[in-house]
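Rule-based calculations on the coordinates, nothing more; no lab input. Note that the structure is predicted; figures quoted are calculated from it, not measured. Don't worry about glycine lacking a Cβ; one is built from the backbone with ideal geometry, like all the others, and counts go over all protein chains shown.
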Amino acid sequence: MQMTVARIGRAHGLRGEVALDLRTDSPADRFAVGAVLTTVPATAGPLTVAATREQHGRWFVTFEQAADRSAAEALRGVEIVAEQDETDEDDAWYPHELAGLRAEHVDGTILGEIIGLEHLPAHDSLVLREPSGARTLVPFVRAIVPVVDVPGGRVVIDPPGGLLASDAANLVVSDETRGEPADED
């Protein structure tokens, strides 16, 4: 099964360089000079890495097949994929593995079901469907999701107060939070 390891972003500069939206923890290995990469759609590739660099946490790559800005811009949105068994990343899960997992609070309370994974600029987020039907984005970071047990069919979530839609029922509303003056005795 092929997994997306990056999505090609916008062109950067005039010489064919593109920004990458990474989905891998080992970009230096995956995008080494000379690496031949499989793409979706297949008609966009294969792509051969000519140069790579990192700047302020962002990865930029130049491909032999895209020598100028126009060619690089034509690659925007193309996915770079690898076979799942080629991936050797620890603590790596794919959307298809996470979808359907039971979400539990650290105290054992059932919070709902994971229905997907969204790739956001700061970090990935689990999409949680709570028992009420509410859809909540849970930052997929170790501090909030300390346990991912795919074989056990569950994830454990330690949400900060207010993250879950179900937290709204537990909010304490006072005159002060309503913006009303307190009663004077």
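Assuming R0 = 30 Å, what is the FRET efficiency of ASP29 and LEU163, from their Cβ-Cβ distance, to the nearest 0.05?
Details: r = 34 Å, r/R0 = 1.14.
Efficiency, rounded to the nearest 0.05: 0.30.
Could you give the length gained by full extension between ARG135 and LEU14, i.e. 0.36 nm per residue of separation minus their alpha carbon distance, to one decimal place?
Details: separation 121, 0.36 × 121 = 43.56 nm, distance 4.19 nm.
Once the chain is fully extended between ARG135 and LEU14, it gains 39.4 nm.
Would you work out which of TRP59, THR4, THR24 lies farthest towards the positive end of the dipole of the stretch 1-139? Charges go on Cβ: Lys and Arg +1, Asp and Glu -1.
Among TRP59, THR4, THR24, the one farthest towards the positive end of the dipole of the stretch 1-139 is TRP59.
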